[in-house]
Amino acid sequence: ITCFGYCNEHTGSTIPRHWIILDSASSPGIFCEKELVRDISGSSQILKVLSRGGINEIDQECTLPGYPSRVWFDPSGVANIIGLRNVIRHFKVTYDSHGDNCFHVWKNDGILMTFTPWIGGLWYYDTKAQRAFSFVSTVQDSKKNYTPRGVKQAELARRLQDILMRP
């Protein structure tokens, strides 16, 4: 079976590239959809990913808007994956197996992201269906929470990070 995106052997279904998969077996975030990320750049490190297809080396990082850590970028990847372990470090996460059977990620800005179960045992967040609730937030919305001086200092700090190649 040839699939665009991740192919689930049990169902023959593919994971749409606009979904974000919440993975409890994965630590790093790895994204393949360019539309979901920003600031794609080369990395000084290489991430080696072992899968059924062999070993894949990823050498690019990017920013997932609204997510505090950098994630890996692999345009030939099979899915947009974010590790539950790291999401828990940054946000409150709840799960109720007797209720809606969903993972709820409570962002710091009060927005709730719901990861819904999908066939094959994966939980996904559909960025098209729930666009207003994704990790993506506008820069203008973020700037509203800070003073003009704070915004300028943050921009200078980010520029310095870029110059130093994010040590």
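Could you check the stretch 27-96 for strands (runs of 3 or more DSSP E) lying wholly inside it with 3 or more residues that are open to solvent by less than 40 Å² (accessible area, probe 1.4 Å) and charged (D, E, K, R)? Break it down stepwise before answering.
On the way: elements: 38-51, 54-63, 70-73, 80-83, 92-95.
Result: empty, no element qualifies.
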Next on the checklist: What's the total number of residues in the stretch 110-125 that are within 12 Å of the chain's Cα centre (by Cα) and open to solvent by 30 Å² or more (accessible area, probe 1.4 Å)?
Outcome noted: 1
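From the list 111, 82, 119, exactly one residue is out of contact with any Lys or Arg (no Cβ under 7 Å at 6 or more places or on another chain), β-branched (Val, Ile, Thr), under 24 Å from residue 14 (Cα atoms) and modelled with pLDDT of 80 or more. Which is it?
Working: 111 fails: under 24 Å from residue 14 (Cα atoms); 119 fails: modelled with pLDDT of 80 or more.
Going through 111, 82, 119 in turn, the sole match is 82.
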Checklist entry - Can you find even one residue in the stretch 130-148 that is at pLDDT 85 or above and open to solvent by 40 Å² or more (accessible area, probe 1.4 Å)? => result no
Item to check | The lone exception for residue 60 - which of (1) out of contact with any Gly (no Cβ under 8 Å at 6 or more places or on another chain); (2) without any contact (Cβ under 8 Å) to a residue 60 or more places away in the chain it fails | outcome: (1)
Item to check | Among (1) out of contact with any strand residue (DSSP E or B) (no Cβ under 6 Å at 6 or more places or on another chain); (2) surrounded by 10 or more Cβ atoms within 10 Å (Cβ to Cβ) - the single one residue 20 does not satisfy | outcome: (1)
Item to check | Filtered residue count, the stretch 97-108, keeping only those that are open to solvent by less than 50 Å² (accessible area, probe 1.4 Å) and either modelled with pLDDT of 95 or more or part of a strand (DSSP E or B) (or both) | outcome: 3
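Residue-by-condition table, conditions (1) among the small types (Gly, Ala, Ser); (2) farther than 21 Å from residue 129 by Cβ; (3) modelled with pLDDT under 90:
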| residue | (1), (2), (3) |
| --- | --- |
| 20 | no, no, no |
| 26 | yes, yes, yes |
| 30 | no, yes, no |
| 41 | yes, yes, no |
| 55 | no, yes, yes |
| 62 | no, yes, no |
| 65 | no, no, yes |
| 76 | yes, yes, yes |
| 88 | no, yes, no |
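The values are calculated or read from the model by the stated rules, or taken from the named source; none is laboratory data. Fair warning: this is a prediction, and the values are worked out from it, not measured in the lab. So basically every Cβ, Gly included, is an ideal-geometry build from the backbone, and we count neighbours across all protein chains shown. Remember, those area values only see protein heavy atoms, side chains included, never the ligands or the DNA or RNA. Shrake-Rupley method; radii C 1.70, N 1.55, O 1.52, S 1.80 Å.
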